[in-house]
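**Q** The following block contains the structure, expressed as structure tokens.
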């Protein structure tokens, strides 16, 4: 048996620690030179496999690979590209196998969310059918924390830490200015379907009237009248009101608040966030001075405030994927299994890809307070360990040192070009 | 001569390190118990003096005062409240002196920007006129970095560090997604009149085509056609375009970009930021997918990423204000004087309040590249030392430990209430 190479790709929205998973894969593979050949990374994720744009990671120094642990974004490029079903589009899957064959790739490590696990599963199936078996292992990643079975998703702990710390800092700012200036502050955070990221802001509240005073979850239908009453009460009781809103906050009929039909002066529809809509609502109803922040990519790329727990888990799922593949496992996603809350203990496990694919995990109702605007102690017990520890990047002259890869492509071996 | 007390107040928008200046004042005063009595802090800044709401800082523990160095926001409350001129409103100044007399206050430490230096100056003048001399010392503070004479303003170095690091992180995120998703990313930052904060993002660019590809300064009139051309060129050459925009970016006629006449679905005027306006411009002209972030208060309260240089200077201006007052100086603002660039050396100096008041410092033209979209090496030489060093807060269970003050008020001694 010749030594098989591995293919690694990043998929979907990147995180502050997805490159730590890449480091886990590459560093571990380098430890087993008799088991795994080279690790090729897909340039721009799965597109790299389809287009035969394979990055030869063996040309990168140990130092630069190690620096991946401190580097946000996706070091090889990621892609928002979902392969269609096997029946609709065998062409893509067959192409993947052709490329894998041409480069003697026997391992497929796919680092992504639910859609990616679906793809990894199908690659495994088609490999079998085409008599070119691929050890397909899913490596979980998503700031949204919405993958099933795994206790948490690498990437989430760091965005949660960023949002909780940022909310605390901004709350102190607003509190100190409220008497003569801004009374309502709104922070818009990611989470189109699930409120995990918004929930993280609640970790800073220890006493009644502590900020954030209102959290808006996609899971709880938004009621304007009640919301306005809450804002007014908070300003009357506390002098100010801090609101953290999921971008996916929506009305009972499912309509997103962000979809407010805003138009610019030329009459063009303005694609807006939820924060300005809420701000305007507050202004119109109560007249309070407001400010809002939209964290957007800052939150998911905030490597400077990554959680040590998250970083460790992100590395570990990459490392474990390689070890599982070497042991002959396939069609599995690596999972993080929680053993206990206090003290927080976890271990690496696995789940069949088929069970993970296309299956979102929402915030359980018991994690949200009865009035729908806060988080419960059960939620805190779950979430606090995930933001623990500070995994700072290395700074030089005031700025972080990030990995700089060569990202040199392997010479193509196939004659046909593939058009995506 | 009886021992005089001191009054300290925070003014205007707060910063990540204004409380470090407070710690500098209070800790230094505690070292000279034979020179200075108690330090009273104004509850909500100067309003605390006018309303006789004086916080007795002597009741706070050394530990909590020390923790102020790690705590963003304004620990005693700040205020956006500008005292009118002496001629229009002697009432307010007289009231200040009355309160100071009633509480035996002989030192006035005012921690703020240009307006505050003007107030401090007038307090000094009226004290003389009313035969109750006050040693009035200004302590500089502003994220906007727009005070004259002083080489930099405490608060700026930290926001500059936050913006440069955040821009770098988000740029790596966008770069990795650009092939199949977002091509243009816009970060809106503070700076209504001066582009210092936006300029800080340019510190991460070392080579041609490095992000940020476009910086929009208030000092450079915005030209849509040229701007769109730049965006298009960046996306064609680099695959993506990162734009950092000052909230004060404006057209040649002085009109702010943010003032775009945006209306919501009810026809209400929507007060927006500059980022959505630019995003829409890009979308309409070039059709690129965009994302934008609005840093707002997150940037000026980001104590988690404070600059060590900035923290040290913020503490030092507070400490020096007390030492200067003890030496009998008055009507001065503490300044930070640069002695050399490489290595960066600075010392504390002072300037007459009269010279500082109401005198804004814009970005010099030589700090901005010829095309108006970037910063020069002269700007980098000036700015890099200011973001140097990481002054992390102390974390416990994943979250920073902030100071918790009692903020107990001194009993009132005046019979009259003052209505602001």
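The values are calculated or read from the model by the stated rules, or taken from the named source; none is laboratory data. In this text the structure is predicted, and so the values were computed from the model without any measurement. Here the Cβ positions follow ideal geometry from the backbone for every residue, glycine too, while neighbour counts run over all protein chains shown.
**Q** Since residue A:116 meets every condition but one in (1) under 16 Å from the mean Cα position of the chain (by Cα); (2) farther than 21 Å from residue A:133 by Cβ, which condition does it not meet?
**A** (2)
**Q** May I ask you to verify whether residue A:159 is more than 9 Å from chain B (Cβ to nearest Cβ), touching a helix residue (DSSP H, G or I) at 6+ places or on another chain (Cβ under 6 Å) and under 22 Å from residue A:111 (Cα atoms)?
**A** Taking the combined requirement at face value, the residue satisfies it.
**Q** Yes or no: residue B:88 closer than 30 Å to residue A:15 by Cβ, in a loop (DSSP other than H, G, I, E, B) and more than 17 Å from the chain's Cα centre (by Cα)?
**A** no
**Q** Can you tell me which residue in segment B:277-306 is surrounded by the most Cβ atoms within 10 Å (Cβ to Cβ), limited to those that are in a strand (DSSP E or B) and at the interface with chain A (Cβ under 7 Å from one of its Cβ atoms)?
**A** Within segment B:277-306, the match that is surrounded by the most Cβ atoms within 10 Å (Cβ to Cβ) is B:294.
**Q** Another question about this same structure. Please determine whether any residue of segment B:331-354 is within 9 Å of chain A (Cβ to nearest Cβ), at pLDDT 95 or above and in contact with a helix residue (DSSP H, G or I) (Cβ under 6 Å, 6 or more places away or on another chain).
**A** no
**Q** Could you list, in sequence order, the residues of segment B:357-372 that are within 15 Å of residue B:118 (Cα to Cα) and loosely packed, with under 15 Cβ neighbours inside 10 Å?
**A** Residues satisfying the conditions are B:358, B:359, B:360.
**Q** Tell me which residues, restricted to segment B:54-74, are outside any loop (DSSP other than H, G, I, E, B) and over 17 Å from residue B:15 (Cβ atoms).
**A** B:54, B:55, B:56, B:57, B:58, B:59, B:62, B:63, B:64, B:65, B:66
**Q** Can you name the number of the only condition in (1) within 13 Å of another protein chain (Cβ to nearest Cβ); (2) surrounded by fewer than 23 Cβ atoms within 10 Å (Cβ to Cβ) that residue A:188 fails?
**A** (2)
**Q** Further question: Residue A:23: at pLDDT 95 or above and out of contact with any strand residue (DSSP E or B) (no Cβ under 9 Å at 6 or more places or on another chain), yes or no?
**A** Yes.
**Q** Which condition number in (1) within 14 Å of chain B (Cβ to nearest Cβ); (2) touching a residue at least 12 places away in the same chain (Cβ under 8 Å) is the one that residue A:398 fails?
**A** Evaluating residue A:398 over (1) within 14 Å of chain B (Cβ to nearest Cβ); (2) touching a residue at least 12 places away in the same chain (Cβ under 8 Å) leaves (2) as the failure.
**Q** Still on this structure, please answer the following. Of all residues in segment B:223-238, which are surrounded by 15 or more Cβ atoms within 10 Å (Cβ to Cβ) and in contact with a helix residue (DSSP H, G or I) (Cβ under 9 Å, 6 or more places away or on another chain)?
**A** B:227, B:228, B:231, B:232, B:235, B:238
**Q** From A:336, A:348, which residue is assigned by TED's automatic domain parsing to the domain that holds residue A:119, surrounded by 13 or more Cβ atoms within 10 Å (Cβ to Cβ), within 22 Å of residue A:159 (Cα to Cα) and without any contact (Cβ under 8 Å) to a residue 40 or more places away in the chain?
**A** A:348
**Q** Quick one: residue B:397 ticks every box in (1) surrounded by 13 or more Cβ atoms within 10 Å (Cβ to Cβ); (2) under 30 Å from residue A:341 (Cα atoms) except a single one, so which number is it?
**A** Here residue B:397 clears every test but (1).
**Q** State whether the residues of segment B:166-185 include one that is surrounded by fewer than 24 Cβ atoms within 10 Å (Cβ to Cβ) and away from every other protein chain (no Cβ under 14 Å).
**A** no
**Q** Which numbered condition in (1) more than 12 Å from chain A (Cβ to nearest Cβ); (2) surrounded by fewer than 24 Cβ atoms within 10 Å (Cβ to Cβ); (3) modelled with pLDDT of 95 or more is the only one that residue B:153 fails?
**A** (2)
**Q** For the condition over 20 Å from the mean Cα position of the chain (by Cα), in contact (Cβ under 8 Å) with a residue 40 or more places away in the chain, within 20 Å of residue B:380 (Cβ to Cβ) and within 14 Å of chain A (Cβ to nearest Cβ), what is the one hit in B:214, B:204, B:220?
**A** None of the other options fit; the residue is B:204.
**Q** Among residues belonging to segment B:80-107 that are within 14 Å of another protein chain (Cβ to nearest Cβ) and more than 29 Å from residue B:327 (Cβ to Cβ), point out the one that is surrounded by the most Cβ atoms within 10 Å (Cβ to Cβ).
**A** B:81
**Q** Taking the criterion of being within 13 Å of chain B (Cβ to nearest Cβ) and either assigned to a strand (DSSP E or B) or at pLDDT 95 or above (or both), would at least one residue in segment A:129-137 satisfy it?
**A** No - not one qualifying residue is present in segment A:129-137.
**Q** A further question on this structure: Give the number of residues within segment A:370-420 that are more than 30 Å from residue A:99 (Cβ to Cβ) and part of a strand (DSSP E or B).
**A** 6
Rundown of residues vs (1) in contact with a helix residue (DSSP H, G or I) (Cβ under 6 Å, 6 or more places away or on another chain); (2) away from chain A (no Cβ under 14 Å); (3) surrounded by fewer than 24 Cβ atoms within 10 Å (Cβ to Cβ), yes/no style:
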{"position": "B:31", "(1), (2), (3)": "no, yes, yes"}
{"position": "B:37", "(1), (2), (3)": "no, yes, yes"}
{"position": "B:40", "(1), (2), (3)": "no, yes, no"}
{"position": "B:74", "(1), (2), (3)": "yes, no, no"}
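**Q** Then there's this: Considering only residues of segment B:197-222 that are surrounded by fewer than 21 Cβ atoms within 10 Å (Cβ to Cβ) and touching a helix residue (DSSP H, G or I) at 6+ places or on another chain (Cβ under 8 Å), which is nearest to residue B:164 (Cα to Cα)?
**A** Filtering first and then ranking leaves B:210.
**Q** Additional query: Can you tell which of A:404, A:408 is surrounded by fewer than 19 Cβ atoms within 10 Å (Cβ to Cβ), touching a residue at least 40 places away in the same chain (Cβ under 8 Å) and touching a strand residue (DSSP E or B) at 6+ places or on another chain (Cβ under 9 Å)?
**A** Just a single option satisfies the conditions, and that option is A:408.
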